[in-house]
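Let me begin by presenting the structure, written as structure tokens, before commenting on it.
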Protein chains: 2
Amino acid sequence: MPKSKRLLEMMMTVNRKRKFTVSELANEFGVSGRTILRDLQELSELGVPLYSEVGPHGGYHVLKERILPPIAFSEEEAVAIFFAIHALRHHTSLPFETESSSALNKFYQFMPPDIRDRIDQMKRRVDFVTPKRQASSPHLSTLLDAAIQQKVLSITYETRGQQSTREIQPIGIYTKNGLWYSPAYCYQHQDIRVFRCDRIHDVVPSALTPLDLRDIHLENRQVKTVEDQDTVHLFAELTIEGVQACEAELWLASMLHVRQDGSGWLEGNVSRSDILFFAKFLIGLGKEVSVQHSPEIIDGIKAYLAELMNIYSQ
Amino acid sequence: MPKSKRLLEMMMTVNRKRKFTVSELANEFGVSGRTILRDLQELSELGVPLYSEVGPHGGYHVLKERILPPIAFSEEEAVAIFFAIHALRHHTSLPFETESSSALNKFYQFMPPDIRDRIDQMKRRVDFVTPKRQASSPHLSTLLDAAIQQKVLSITYETRGQQSTREIQPIGIYTKNGLWYSPAYCYQHQDIRVFRCDRIHDVVPSALTPLDLRDIHLENRQVKTVEDQDTVHLFAELTIEGVQACEAELWLASMLHVRQDGSGWLEGNVSRSDILFFAKFLIGLGKEVSVQHSPEIIDGIKAYLAELMNIYSQ
DNA sequence: GATAATAGTGACAGGAATTGTCATAATAAA
DNA sequence: TTTATTATGACAATTCCTGTCACTATTATC
């Protein structure tokens with residue numbers, strides 16, 4: 001094999017095994033150890049972060065960095081990747097230990113200059129916004145790790161300013177709207193609940209035996225949500241603006257129906273304990289909504305309106 | 001220069017110039033044309049997408065793909081990049097022509113197997129959610145292009161189901177909550193307004209002379225908003241929940257002040273014509289806000305509340 | 001239709017770079 | 001001390017790379 005090819009292949013091999021000895025590679029490539037030594041030095045000079053130790057149990061390893069082999073990206077792809085990484089900067093917490101900025105810098109650094117120019121021009125003209133929250137979620141990697149390795153955690157969780165302890169087995173984590181959430185099986189409720197990660201104040205491993213939740217993950221967990229409870233029926237007409245406002249709310253998706261002309265209606269069952277919440281939301285929609293059902297919800301709205309009136313009349 | 005180095009350098013060079021001839025390279029590298037031909041063939045075999053045409057004005061070009069040279073990423077960085085790109089799949093429209101999935105595949109393909117394993121384990125346990133919208137925004141690249149190149153566009157824009165034509169000069173585009181927006185100078189209003197991209201139905205270049213808005217971009221455009229006009233002063237106390245709700249609204253950023261304990265206040269000048277808008281928004285915040293100034297705004301709120309009461313009392 | 005500019009191939013000799021071997025250090029674990 | 005490992009240098013053998021030359025093929029332009 002000619003040297004140039006060997007070098008490229010060696011780059012990959014060295015990347016795969018993170019630890020290896022010279023004679024090992026010599027066998028694999030069918031060349032002498034001396035040649036391997038010379039090649040490894042060249043790889044070093046090319047930027048592959050190699051590190052060696054002499055003596056028994058010594059050998060080479062690649063530092064924690066890995067080399068990405070040359071990849072052919074189209075310009076569009078490269079730009080898309082750049083902005084995808086760029087968007088990570090909006091997140092105050094991430095489940096990865098790295099600052100995304102270091103990855104971004106490397107990527108930017110290695111772009112051909114004309115793509116760099118294009119990116120520069122776009123940088124202040126395109127953005128993927130995530131609302132900035134001050135709430136930080138320090139336990140993301142622990143939660144994620146528990147989800148992957150099927151571990152039970154004992155957490156202190158804050159609800160309405162009160163702290164309580166719970167045993168949970170996380171299913172995964174996701175971020176939406178600037179906050180992180182973790183759906184997890186809660187041993188206290190014996191059911192899958194969603195926890196807000198910034199309200200999880202303390203996490204320790206629990207001694208409880210984990211359930212086998214390997215087949216439950218972020219994409220299929222919804223199946224488990226409640227159907228039972230004590231509910232009332234909601235029906236509300238929406239103007240075009242009303243529809244547009246509702247579209248912004250993910251949790252309404254299943255209730256929202258849109259007509260051809262852009263107007264629509266909300267229809268579905270609302271848990272009795274959520275009436276106040278819905279009342280507030282519907283008031284927020286103002287005259288863009290006309291609530292027709294049920295009386296309980298309308299009463300809730302009236303009551304809340306009266307409270308507000310009261311406040312503003314003082 | 002030894003061949004192996006020449007090949008790597010050639011990879012970059014070929015990437016920089018997208019079009020070149022054999023003799024051009026031969027000069028640059030100080031080798032014969034024959035050698036260049038041989039090298040180019042090797043590059044081809046290594047996956048660099050080269051394409052050649054004979055005859056005058058012929059020559060080589062790289063297909064639209066570019067080669068990314070070998071980059072050293074740490075494992076954490078690689079994983080972060082993967083999920084950043086993965087998150088793009090939530091967007092129904094993007095200003096790039098590419099499907100992000102192709103970039104993702106390439107990236108994944110070239111990862112060392114152990115990182116691939118790690119990604120596989122995480123894939124269904126981590127997500128960056130953006131609400132899925134049915135509304136698609138087909139003109140994103142046109143708008144972005146206009147923002148970069150300082151062009152004026154004539155658009156048909158839908159408000160309240162009515163179509164109108166406007167001349168705008170885009171400042172940039174951003175996505176939030178699954179929808180795309182474009183702040184732009186509107187020649188009809190003679191001011192910077194934010195347009196929802198999915199409501200822009202038709203875009204054609206306009207003959208109007210562009211303004212010089214090169215120094216106005218997504219990050220500083222707030223500064224330019226009105227200072228003159230007929231305004232009233234807003235001051236409103238916010239509870240912790242109130243602050244969180246306001247943080248979700250980008251346009252409030254300049255008015256929002258947060259205290260150590262998470263509570264805060266809104267303070268700033270509000271154009272008289274926006275009082276109704278603010279009244280609705282503040283009512284939406286319910287008891288999480290206590291409006292203390294100015295009387296005009298409080299009156300606006302009361303009036304709107306009364307209207308609502310009226311509706312719900314029927 | 002001639003001309004010039006371009007890519008593409010094959011053969012071959014000379015030269016340059018690569019390789020293997022051997023000798024020898026140095027180091028650290030067992 | 002022994003052994004497994006990296007590390008370096010020198011040199012001859014040999015592989016491979018390179019340049020040259022002689023072609024062919026294609027196409028834009030005059």
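The values are calculated or read from the model by the stated rules, or taken from the named source; none is laboratory data. This is a predicted model, so every value here is computed, not measured. Methodologically, a virtual Cβ is constructed for each residue, glycine included, from the backbone with ideal geometry; neighbour enumeration extends over all protein chains shown. SASA here: full protein model, heavy atoms, side chains in, ligands and nucleic acids out. Shrake-Rupley method; radii C 1.70, N 1.55, O 1.52, S 1.80 Å.
Over the C-alpha trace of the stretch B:58-110, radius of gyration and Dmax come out as 13.8, 45 angstrom. Taking amide H positions as modeled 1.01 Å from N, with prolines and chain starts lacking one, the residues under 5 Å from A:Thr92 and 5 or more places away or on another chain are A:Arg133. For the stretch A:140-223, the calculated P(r) over all alpha carbon pairs, in 5 Å bins from 0 to the bin holding the longest distance, is 3, 16, 30, 28, 17, 6, 1 percent. With springs connecting C-alpha atoms under 10 Å apart, model chain A as a Gaussian network and identify which of A:Leu68, A:Leu211, A:Leu104 has the largest mean-square fluctuation. Between A:Leu68, A:Leu211, A:Leu104, it is A:Leu68 that shows the largest mean-square fluctuation.
Protein heavy-atom surface of the stretch B:231-313, 1.4 angstrom probe: 55% of the accessible area is carbon and sulfur, with nucleic acids and ligands not counted. Restricting the calculation to Cα atoms, the protein assembly as shown shows an Rg/Rh of 1.03 when the hydrodynamic-style radius is the Kirkwood one.
The charge dipole of chain A, taken about its Cα centre with unit charges on the Cβ atoms of Lys, Arg (+1), Asp and Glu (-1) only, comes to about 1140 debye. Placing a pseudo-label 7 Å from each Cα along the Cα-to-Cβ vector at B:Glu28 and B:Glu307 gives an inter-label distance of 6.6 nm.
In percent, rounded to a whole number, the relative contact order of chain B is 10, using alpha-carbon pairs under 8 Å and six or more apart.
For A:Gly268, inter-copy separations between label points set 7 Å beyond Cα along the Cβ vector come to 3.2 nm, shortest first. For the protein assembly as shown, the residue among A:Thr175, A:Ala279, A:His293 whose Cα projects farthest onto the positive side of the dipole built from Cβ charges is A:Thr175. In nanometres and ascending order, the distances from the B:Glu237 label point to those of the other copies are 4.0 (point 7 Å from Cα along Cα→Cβ). Positive end of the dipole of chain A (Cβ unit charges, origin at the Cα centre): among A:His257, A:Leu50, A:Thr231, the Cα lying farthest that way belongs to A:Leu50. Partners of A:Lys176 within straight-line reach, counting lysines whose Cα lies under 21 Å from its Cα and excluding those fewer than 8 residues away in the same chain: A:Lys132, A:Lys224, B:Lys123, B:Lys132, B:Lys176. Placing a pseudo-label 7 Å from each Cα along the Cα-to-Cβ vector at A:Gln260 and A:His201 gives an inter-label distance of 5.7 nm. Computed 3J(HN,Hα) for the stretch A:35-49, one whole-Hz value per residue from the Karplus formula 6.51 cos²θ - 1.76 cosθ + 1.60 where θ = phi - 60°, is 5, 4, 4, 5, 5, 4, 5, 5, 4, 3, 4, 7, x, 6, x, glycine and proline marked x.
In the Gaussian network model of chain B, springs joining C-alpha atoms below 10 Å, which of B:Glu158, B:Glu53, B:Glu237 carries the largest mean-square fluctuation? Ranking B:Glu158, B:Glu53, B:Glu237 by mean-square fluctuation puts B:Glu53 first.
Across peptide A:42-48, the average count of Cβ atoms from other chains found within 10 Å of a residue's Cβ is 2. Kirkwood-type hydrodynamic radius, the stretch A:231-313: 12.9 Å, calculated from all non-identical alpha-carbon pairs. Summarised in one figure, the compactness ratio Rg/Rh of chain B, Cα atoms and Kirkwood Rh, is 1.11.
Sequence-ordered 3J(HN,Hα) estimates for the stretch B:273-280 from the Karplus curve with 6.51, -1.76 and 1.60 and θ = phi - 60° stand at 6, 9, 4, 4, 4, 5, 4, 4 Hz, glycine and proline given as x. With θ taken as phi - 60° and the Karplus curve 6.51 cos²θ - 1.76 cosθ + 1.60 applied, the whole-hertz 3J(HN,Hα) list for the stretch B:144-149 is 4, 4, 5, 5, 5, 9 Hz, x standing for glycine and proline.
Across the stretch B:1-120 the C-alpha pair distances fall into 10 Å bins from zero in the proportions 11, 34, 27, 20, 8, 0 percent.
In nanometres and ascending order, the distances from the B:Thr156 label point to those of the other copies are 6.1 (point 7 Å from Cα along Cα→Cβ).
Annotation: amide H of A:Ile192 within the under-5 Å range of A:Cys186, sequence separation 5 or more or interchain, hydrogens built in the peptide plane. Counting only protein heavy atoms and a probe of 1.4 Å, the accessible surface of the stretch B:75-123 is 46% carbon and sulfur.
Among B:Pro56, B:Pro183, B:Pro70, which one shows the biggest mean-square fluctuation in a GNM of chain B, springs joining Cα atoms closer than 10 Å? Ranking B:Pro56, B:Pro183, B:Pro70 by mean-square fluctuation puts B:Pro56 first.
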